[in-house]
Amino acid sequence: MNDILNISRRGLLQGAGALTLAFAIPSDILAEAAKKLPRNLERNANLASWIRVHADGKITLLIGKVELGQGTVTAAAQIAADELQIDINRLDVISGDTFEGPNERTTAGSGSAPGCFPAVHQAAAEVRHILVHMAAQKLSVEAGSLTVLDGVISDGAQSLSYWELVDGLNLNVEPTGEAELISIDRHKYIGQSVPRFDLPAKITGQPIFVQEMHPEGVVYGAIARPPTYKSSLVSADFGPIEAMEGVLKIVRNGSLLGVVAKRQEQAWAAALELSKTAHWNVQSDLPGHDGIFEWLENADSEEKELVNEGSQDVAVSRVVESTFYRPYQMHGSIGPSAAIAKLGTDGIMTVHTHSQATFAAADTIAEFLGMEKGKVHCIHTQGSGCYGHNMADDAAVDAAWLASNMSGTPVKLQYSREEEHKWEPYGTAMMMKARAGIDDNGDVVTWNMEIWSTPHSTRPSGQARRVLSARYIDPPLEMDKRKDGGPPNYAAARNGIPLYKFENTRVSTHFVPEMPIRVSAFRGLGAYANAFAIESFIDEIAAESNADPLEFRLRYLTEQRAVDVLKKTAEIFGWDNWEPKKNIGRGIAFAKYKNLHAYCAVAVEAQVTPRNGKVRVLRIASAADCGHLVAPDNVANQIEGGIIQSLSATLKEEVKFDNTSILSTDWASYPILTFSEVPPIEVELINRPGLPYLGTAEASQEQVAPALAAAIYDATGARMRRLPFTPDRVKKAIKG
């Protein structure tokens, strides 16, 4: 690992007679060959950017999506192995390298499966197609008479291997989109749970996370942060800091201060002392966490009507109204963000980063440093903790900035726990007001929901003005005015439109462009809060109508796949046979992520202690339909992981801040779920062979909060409408 910064582009390209290729596939992934290329392949329509075949019997798969712990690299390899008809152990995978592979943009939004996987399918199919036809020509036989087994092409009497066909191949061409895919019945790896490529190193403690890498000759950087968001530097005395042990250099640009030292702890100590002794202008104009929802409702906003079907002015017997609240919540990455950067003698800035968007990160760094875009080489290196826009991109920019002042020397920058907690971009606060009219039979006649939200993404996307340090340089780069996306799959509106079919439905958003504290993409964006509101409100209407919550949902669902996951969840939970117990309740909830991707339902059994408001989740059951399954065990793991993360956010997580700065600066002031609090979780998957991949990672993020809220109500009669469900809030709700 000590030479990670000394690997050249040429070195990576070298390999005994390397051959590169790539290909295309339809949106209906496993249907017959399509004439149109899948989107990610169409954007990177050069076969040489996807696959390389080597004379030594190895094949390299290159993808733009990256490994965040969700198993994407292994799943992509499973697909490539099946389509190439080779043993999976022949495959090496390079992902997220801006000098080496296709630009598949950001790894986010459960987009790897529907985006990357079809491209890999068709890419590998076309490689096989090209090689088989080359073999047919050399063997003087019809291509249709040949079969492939682990890269050996044969007609039964004579054979050639892929590796023997490397010389003379030119795959620097566009894909055709016409190569036929391997039929499902011939899949060896797709649909099976194979060992993940990334797990052995993690299990044996090898240093594969950027946080634990220390290349030869490395020095360490740190940023001297101001006291608050809107602080500016008045003056600073560098003399005492430069005299501190191990300090090599202090770097300044406007109000941005950085330190480079021989050891990490020396850099942190010097940066902290510099921050404390510098003189800053400080502003105190934040609304505070207790006042955020009042501020949100009264702030200038842009109203957008997402759905308006039927009429809200119809006769109803009763009206049900509720308001739901989601606070700012942080990613809380277990490993604070880090990066390693080196400015080479060739003028190339090489950055090892755990950014979810390495290509955009490279452009962002180039703009921040005033370099040519092609001069920044970002290599995705796994990080400990992610899912959403944490400080990975900030760390990459800060490390590169310091490295630009230490030419030829690798600089590692890793934030402290307090720095990550205090300065990361949080998941935004939201408020949802719901109103429904019901008739004498308890049926829903009208549905109306209004959503208040600030932006959900300030990912750099190649723009330096969106990284943290940009606001402190001279002249400062001001954040651009963010816009909300449209329904049903983006930002504040995500999952805001109910999939339940009501005759008269209206949904609207009140989008507040201003961001009093820093926010960006938190797992699921607006889906977590919107599904909490919709599903909780469904439960309230069901109770008002004296209806079973499961039956009430099924009454209004028209998509059979949605019905299937709800019924399967109820079955494995034992909904029909469940016996009420004192202070123990149950709840169930459903969502289809983005209203476009995976279907998932979650059922929860929970126990509440009324005297102190403590909630103990006893067990959780879930069923999911993610389309065609590549790696079932991995998909189940992702459903479980989403449930656990969502449970943590639902029970504990809330960013606290006053009128000046962030108060949640450690695990004591921002607690997360502990191992002992994780309940038994049972997951069943509904496989849909031949149907499109729907994506998994965020499929179970939305259902936990409303299911748990329903279980608390079932146990105590208390409605929980504000997240998180802390003991104090639960006790207050019980007391009325």
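Regarding segment 406-421, can at least one residue be identified that is among the β-branched types (Val, Ile, Thr), closer than 26 Å to Pro227 by Cβ and buried (at least 19 other Cβ atoms within 10 Å of the Cβ)? Within segment 406-421, one or more residues are among the β-branched types (Val, Ile, Thr), closer than 26 Å to Pro227 by Cβ and buried (at least 19 other Cβ atoms within 10 Å of the Cβ). Please work out if Pro455 is surrounded by fewer than 19 Cβ atoms within 10 Å (Cβ to Cβ), of a type outside the set (Ser, Thr, Tyr) and either over 24 Å from the mean Cα position of the chain (by Cα) or within 30 Å of Asp539 (Cα to Cα) (or both). When the stated conditions are applied, Pro455 does not pass them. When restricted to residues that are free of Cβ contacts under 8 Å to residues at least 60 places away in the same chain and part of a helix (DSSP H, G or I), segment 366-394 contains 6.
Scan segment 134-172 for residues that are surrounded by fewer than 14 Cβ atoms within 10 Å (Cβ to Cβ) and among the hydroxyl-bearing types (Ser, Thr, Tyr) and the total you get is 3. Only one of the listed residues (Asp480, Asp484) is out of contact with any Cys (no Cβ under 7 Å at 6 or more places or on another chain), assigned to a loop (DSSP other than H, G, I, E, B) and either under 19 Å from Glu305 (Cβ atoms) or not assigned by TED's automatic domain parsing to the domain that holds Glu514 (or both). That residue is Asp484.
Just one of Ser95, Ser110 is hydroxyl-bearing (Ser, Thr, Tyr) and touching a Gly at 6+ places or on another chain (Cβ under 6 Å); which is it? So the residue among Ser95, Ser110 that is hydroxyl-bearing (Ser, Thr, Tyr) and touching a Gly at 6+ places or on another chain (Cβ under 6 Å) is Ser110.
Can you tell me which residue in segment 172-205 is farthest from Ala81 (Cα to Cα), limited to those that are touching a residue at least 12 places away in the same chain (Cβ under 8 Å) and in a helix (DSSP H, G or I)? Filtering first and then ranking leaves Ile184. Among the residues examined, Leu468 does not qualify as touching a residue at least 40 places away in the same chain (Cβ under 8 Å), of a type outside the set (Ser, Thr, Tyr), touching a helix residue (DSSP H, G or I) at 6+ places or on another chain (Cβ under 6 Å) and surrounded by 24 or more Cβ atoms within 10 Å (Cβ to Cβ). Can you tell me how many residues within segment 627-663 are hydroxyl-bearing (Ser, Thr, Tyr) and either under 21 Å from Val704 (Cβ atoms) or crowded, with 23+ Cβ neighbours inside 10 Å (or both)? Result for segment 627-663: 3. Determine, yes or no, whether Ser322 is within 22 Å of Pro425 (Cα to Cα), touching a residue at least 40 places away in the same chain (Cβ under 8 Å) and among the small types (Gly, Ala, Ser). Judged against the criteria, Ser322 is not a match. The listed residues are Leu694, Leu708, Leu673, and the only one of them that is of a type in the set (A, V, I, L, M), within 19 Å of Ala527 (Cβ to Cβ) and under 21 Å from the mean Cα position of the chain (by Cα) turns out to be Leu694. Just one residue in the set Arg616, Arg611 is in a strand (DSSP E or B) and more than 23 Å from Ile538 (Cα to Cα); that residue is Arg616. Among the residues making up segment 327-348, those that are within 30 Å of Leu723 (Cα to Cα), in a loop (DSSP other than H, G, I, E, B) and not small (Gly, Ala, Ser) are Pro327, Tyr328, Met330, His331, Ile334, Pro336. So for segment 124-139 (the condition being in contact with a strand residue (DSSP E or B) (Cβ under 6 Å, 6 or more places away or on another chain), under 21 Å from Val630 (Cα atoms) and not assigned by TED's automatic domain parsing to the domain that holds Cys626), does at least one residue qualify? The answer is yes, given that some residue of segment 124-139 is in contact with a strand residue (DSSP E or B) (Cβ under 6 Å, 6 or more places away or on another chain), under 21 Å from Val630 (Cα atoms) and not assigned by TED's automatic domain parsing to the domain that holds Cys626. Of everything in segment 104-127, what is of a type in the set (D, E, K, R) and either free of Cβ contacts under 8 Å to residues at least 40 places away in the same chain or surrounded by 24 or more Cβ atoms within 10 Å (Cβ to Cβ) (or both)? Give them in sequence order. If the condition is that a residue be of a type in the set (D, E, K, R) and either free of Cβ contacts under 8 Å to residues at least 40 places away in the same chain or surrounded by 24 or more Cβ atoms within 10 Å (Cβ to Cβ) (or both), then Glu104, Glu126 are the ones that fit. Whether any residue in segment 507-528 is over 30 Å from Lys481 (Cα atoms) and either surrounded by fewer than 21 Cβ atoms within 10 Å (Cβ to Cβ) or acidic (Asp, Glu) (or both) is what I want to check. No - not one qualifying residue is present in segment 507-528.
So Asn495 clears everything in (1) crowded, with 24+ Cβ neighbours inside 10 Å; (2) in a loop (DSSP other than H, G, I, E, B); (3) more than 19 Å from the chain's Cα centre (by Cα); (4) not aromatic (Phe, Trp, Tyr) except one condition, right? Which one? Here Asn495 meets the rest and fails (3). Yes or no: Asp398 out of contact with any Gly (no Cβ under 6 Å at 6 or more places or on another chain) and part of a helix (DSSP H, G or I)? Spelling it out, Asp398 is indeed out of contact with any Gly (no Cβ under 6 Å at 6 or more places or on another chain) and part of a helix (DSSP H, G or I). Of all residues in segment 656-697, those being farther than 28 Å from Cys600 by Cα and in a loop (DSSP other than H, G, I, E, B) number 13. Of the residues making up segment 285-335, those that are of a type in the set (S, T, N, Q) and touching an Asp or Glu at 6+ places or on another chain (Cβ under 8 Å) are Ser317, Ser322, Gln329, Ser333.
Pairs meeting the criteria (first residue in segment 335-364 and under 21 Å from Trp423 (Cα atoms), second residue crowded, with 24+ Cβ neighbours inside 10 Å and among the aromatic types (Phe, Trp, Tyr), beta carbons under 6 Å, at least 6 apart or on different chains) are Pro336/Tyr415; Ser337/Tyr415.
Taking the conditions (1) part of a loop (DSSP other than H, G, I, E, B); (2) among the charged types (D, E, K, R); (3) over 17 Å from Asp82 (Cα atoms); (4) modelled with pLDDT of 95 or more in turn, Lys138 satisfies each one other than (1).
Only one entry in Ala697, Ala601, Ala624 is in contact with a Phe, Trp or Tyr (Cβ under 6 Å, 6 or more places away or on another chain) and buried (at least 24 other Cβ atoms within 10 Å of the Cβ), namely Ala601. Take the conditions surrounded by 18 or more Cβ atoms within 10 Å (Cβ to Cβ) and modelled with pLDDT under 95 and apply them to Leu306. Does it pass? The answer is yes for Leu306.
The values are calculated or read from the model by the stated rules, or taken from the named source; none is laboratory data. Quantities reported herein were computed from a predicted structural model and do not represent experimental measurements. Positions of Cβ are generated from backbone atoms using ideal geometry, with glycine treated the same way; all protein chains shown enter the neighbour counts.
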